[in-house]
Amino acid sequence: MKRASGLGAAAIAVGVWLAAAPAAMAAASAVRGEQIWSRCQACHALQYDRTGPRHCGLFGRRAGSVPGFDYSPAMKRSGIVWNTATLDRFIADPLGTVPGTTMGYAGVADPQERADLIAFLRDAKCGKDTGLGR
């Protein structure tokens with residue numbers, strides 16, 4: 001059997017990683033995600049801006065676009081529109097994804113934790129009666 005070249009092995013590794021990401025998303029738990037989101041509460045809330053912008057209405061929103069929030073120039077220029085893939089990439093490595101962002105958080109390394117967190121953010125209710133306005 002022929003061994004994969006360095007480039008071929010890298011392509012295989014990327015393919016395995018890409019195949020694993022959707023599997024983690026499919027098994028995501030919004031309940032576990034809410035527990036993980038508690039880490040975000042040092043700077044974020046669902047309903048209102050704090051040190052970081054609000055998380056309600058995140059999906060489909062352009063990064064750096066919440067009116068009145070003072071985003072870094074890097075975030076405003078990023079061109080990111082928040083969806084499952086862009087959130088996964090950003091939450092994994094905020095500073096690497098948007099160099100110059102003022103979000104001083106190292107990220108969430110565990111793919112399952114990211115999937116759970118994203119499931120929570122996707123399913124979070126944004127009305128006043130959610131109890132999650134924090």
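Accessible area per residue of region 67-132 at 1.4 Å probe, in Å²?
Details: 3590 Å² over 66 residues.
Ligands and nucleic acids excluded, the figure is 54 Å² per residue.
Distance between Cα centroids, region 77-100 to region 101-125: provide it in whole Å.
Region 77-100 and region 101-125 have Cα centres spaced 11 Å from each other.
Which FRET efficiency value, to the nearest 0.05, do you get for Ala109 and Phe69 by plugging their Cβ-Cβ distance into 1/(1 + (r/R0)^6) with R0 = 25 Å?
0.40
Could you work out how much longer the chain between Tyr48 and Asp123 gets when fully extended? Use 0.36 nm per residue separation minus the Cα distance between them, nm to one decimal.
On the way: separation 75, 0.36 × 75 = 27.00 nm, distance 1.70 nm.
Going from the current span to full extension adds 25.3 nm.
Taking K and R as +1 and D and E as -1, what net charge do the other residues with C-beta under 11 Å from the C-beta of Val31 add up to? Please list the in-between numbers first.
Details: positive: Arg32; negative: Glu34, Asp116, Asp123.
Here the charged neighbours net out to -2.
Give the carbon-plus-sulfur fraction of the accessible surface of region 25-134 in %, rounded to a whole number; probe 1.4 Å, heavy atoms of protein chains only.
On the way: 3170 of 5820 Å².
Answer for region 25-134 is 55 percent, counting heavy atoms of protein chains only.
With only Lys, Arg, Asp and Glu charged, each at its Cβ (+1 for the first two, -1 for the last two), find how big the charge dipole of region 57-134 is about the Cα centre; round to the nearest 20 debye.
Values: 10 positive and 8 negative charges, 76 e Å.
Taking the Cα centre of region 57-134 as origin, the dipole is about 360 debye.
The values are calculated or read from the model by the stated rules, or taken from the named source; none is laboratory data. On a predicted model such as this, the values are computed, not experimentally measured, just so you know. Note that each Cβ is placed from the backbone with ideal geometry, even for glycine, and that neighbours are counted across all protein chains shown. Quick note on the areas: whole protein, heavy atoms, side chains included, nothing else; ligands and nucleic acids left out. Shrake-Rupley method; radii C 1.70, N 1.55, O 1.52, S 1.80 Å.
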